[in-house]
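Colleague: Take a look at the following structure, please.
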Amino acid sequence: MIGRARDAGFARIMVPGWDLRSSEAALELADRHPDLIHAAVGIHPHDVAGVDEAAWARLEALATDSRTRAIGEIGLDFHRNLSPPEVQREGLGRQLELAARRRLPVLVHDREAHAEATAALEGWAAPDRPRGLLHAFSGDRVMAERLTSAGFTVSFALPVAFRSAAGPREAAAALPTGTFVVETDSPFLGPDARGRNEPTTAVRVASELARLRGVEVEELVAPIRSAYEKALAG
């Protein structure tokens, strides 16, 4: 899979954690492929209910690792509520504070929590802090414009190619160049129920963004790379 991504011309891939084990695995991948893979560590809102103080301390230690480039995947998910909303809010707050202490950007998951996620990130943003990415963006144009104005970068995944994703599609057509990137959320958010998703699917995402914006795919590549590096800048 990594070989196919290299062959497709990928310059960088961000691999986030969703719990301690996957965060450690992301760091191992970054160590094995330092020219291609960046790692993030974090606790997903689905998993935050199972985190005790010892696990929070371990996450803090992972955040100090020199291979860690961001805190994530963190956020709010009020669609499935696999962790109670109040626990999700506490977990998001703790990890935003961790990112601030470590001067690291954040990778933010938001599903059916647009207003709360926007308010939390706008309240957290400060001139001396990195911002980060809005992962697999599912909000609307207004949300995208508010958060990019606050310094965040919007990340579009394959759902932007589906007509049902009206909000992300409108945002994709309207956002200024240099404020968005592409992703796949591999192995999730695949093209169909049977197909495994992998990084090369981002080519399809970029193609759809180009179509929505009325430009050639090649025109998107350099600004997307620049937006990615800017989002990770400390």
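Colleague: So which residues in segment 11-56 are assigned to a strand (DSSP E or B) and in contact (Cβ under 8 Å) with a residue 40 or more places away in the chain, if there are any at all?
Modeller: Selection gives I13, M14, P16, H38, A40.
Colleague: Can you name the number of the only condition in (1) basic (K, R); (2) in contact with an Asp or Glu (Cβ under 8 Å, 6 or more places away or on another chain); (3) surrounded by fewer than 14 Cβ atoms within 10 Å (Cβ to Cβ) that R80 fails?
Modeller: Among (1) basic (K, R); (2) in contact with an Asp or Glu (Cβ under 8 Å, 6 or more places away or on another chain); (3) surrounded by fewer than 14 Cβ atoms within 10 Å (Cβ to Cβ), R80 violates only (2).
Colleague: Of these, S164, S155, S226, which one is among the small types (G, A, S) and farther than 17 Å from R141 by Cβ?
Modeller: S226
Colleague: Being in a helix (DSSP H, G or I) and touching a strand residue (DSSP E or B) at 6+ places or on another chain (Cβ under 6 Å) is the filter here; which residues of segment 177-208 pass it?
Modeller: P199, A202, V205, A206
Colleague: Filter segment 182-228 down to residues that are more than 18 Å from I2 (Cβ to Cβ) and in contact with a Leu (Cβ under 7 Å, 6 or more places away or on another chain) and give me whichever is surrounded by the fewest Cβ atoms within 10 Å (Cβ to Cβ).
Modeller: P191
Colleague: Same structure again: Can you name the condition, by its number, that E170 falls short on among (1) assigned to a helix (DSSP H, G or I); (2) within 29 Å of A100 (Cβ to Cβ); (3) among the charged types (D, E, K, R)?
Modeller: (2)
FYI, it's all coordinate maths here, none of it is from the lab. Predicted model only: the values in this text are computed from it and were never measured. FYI the Cβ positions are ideal-geometry reconstructions off the backbone, even for glycines, and counts take in every protein chain you see.
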